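Input: a single structure, listed below in structure tokens.
The numbers here are math on the coordinates, done by the rules we state, and not lab data. As the structure is a prediction and not an experimental result, all values here were calculated from the model. Here the Cβ is made from the backbone with ideal geometry for all residues, glycine too, and neighbour counts use every protein chain on show.
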């Protein structure tokens, strides 16, 4: 259906020019989809955050969630509606600015939050004036770091940031590795590409004591073996906590790829099939594809 411009409401024509769908044609297109069945079942959580024609089920009197979509919503509602305590969020990713809404929303819900990945350097630069070398720095995100930390304090949320790192002299699998601490900083021209052993130990405790974990984003460049140990260590901790009764929810995208890499899909409670969809749910947004379902 995505070959039709009426599915997404916009697209490109044969010459590569951007085009917008005509509203009347979208209406006709949706009516044509409604002729294909008697009951509409949406089982595509991964695209539920998109208000595409095929996601809306217009023209059907019954619009139901499929088994997968139902499972996704069941797990995320456990975390967002009335979570067991302590509730831990593990967040990674490159830019603070991309995760502002996620962090803001989760700070109203969690007891503890681990911040890793590239965005940890923006926090540490602002809060500790850490020398971060050539590591990722998000200038836009830096402006709101203090506000996020203040909100965490106000809500009595324990923030956990890395204290040491595995570094590389370039962003590559064959980079020469080194180590660095927050106090000593990362040398000029080098990048922090993974969390170090002290951080791995420090992060183990909040993982072990949590009753529910939501994990969105790896703490290091797990695709490169030399910089995968931090992510593997967190994964081992989450698997052990799950065995002990913790509910563990793995956000889609890169974090789901971590599970696939180490074969842990069956050892955590739930691996989401939606990257953008799970992110938007955790940000507190209403997903159009879910909102369109029948209420009963």
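Taking the DSSP beta bridges in the chain as the whole, what percent of them are antiparallel, to the nearest 5?
On the way: 12 of 33 bridges.
Taking every DSSP beta bridge with both residues in the chain, the antiparallel ones total about 35 percent.
How high is the FRET efficiency between residue 236 and residue 181 when r is their beta carbon distance and R₀ equals 22 Å, given to the nearest 0.05? Kindly include the intermediate steps, with their values, before the conclusion.
Working: r = 23 Å, r/R0 = 1.05.
E between residue 236 and residue 181, to the nearest 0.05, is 0.45.
Give me the one-decimal nm value for the distance between modelled label points at residue 140 and residue 51, 7 Å along each residue's Cα-to-Cβ direction.
Result for the modelled spin labels: 2.1 nm.
Report the full-extension gain for the segment residue 170 to residue 34: residue separation times 0.36 nm, less the Cα-Cα distance, to one decimal in nm. Could the numbers behind the result be given before it?
Working: separation 136, 0.36 × 136 = 48.96 nm, distance 5.31 nm.
Using 0.36 nm per residue and subtracting the Cα-Cα distance, I get 43.6 nm.
So for the pair residue 154, residue 1, with labels modelled 7 Å out along Cα→Cβ, what separation do we get in nm?
Inter-label distance under the simple model: 4.1 nm.
Using just the helices of the chain, give the 222 nm mean residue ellipticity in deg cm²/dmol: DSSP H runs with n ≥ 4 each add -39,500 (n - 2.57), and the total is spread over all residues, rounded to 500.
Details: 12 runs with 117 residues, N = 296.
Dividing the helical sum by the residues of the chain leaves -11500 deg cm²/dmol.
Relative to the longest principal axis of the C-alpha atoms of the chain, give the angle of the C-alpha long axis of helix 229-243, reported between 0 and 90° and rounded to the nearest 10°.
70
Could you work out how much longer the chain between residue 260 and residue 77 gets when fully extended? Use 0.36 nm per residue separation minus the Cα distance between them, nm to one decimal.
Working: separation 183, 0.36 × 183 = 65.88 nm, distance 2.41 nm.
63.5 nm is the gain from fully extending residue 260 to residue 77.
Multiplying the sequence separation of residue 223 and residue 25 by 0.36 nm and subtracting their Cα-Cα distance, what value in nm do you get?
On the way: separation 198, 0.36 × 198 = 71.28 nm, distance 4.43 nm.
Length difference between fully extended and current span is 66.9 nm.
Does anyone have the angle between helix 197-209 and the longest principal axis of the chain? Alpha-carbon axes, 0 to 90°, nearest 10?
The helix 197-209 is inclined about 50 degrees to the chain.
Specify the inter-centroid distance of region 38-97 and region 172-195, based on alpha-carbon positions, in whole Å.
Each part's Cα centre sits 38 Å from the other's.
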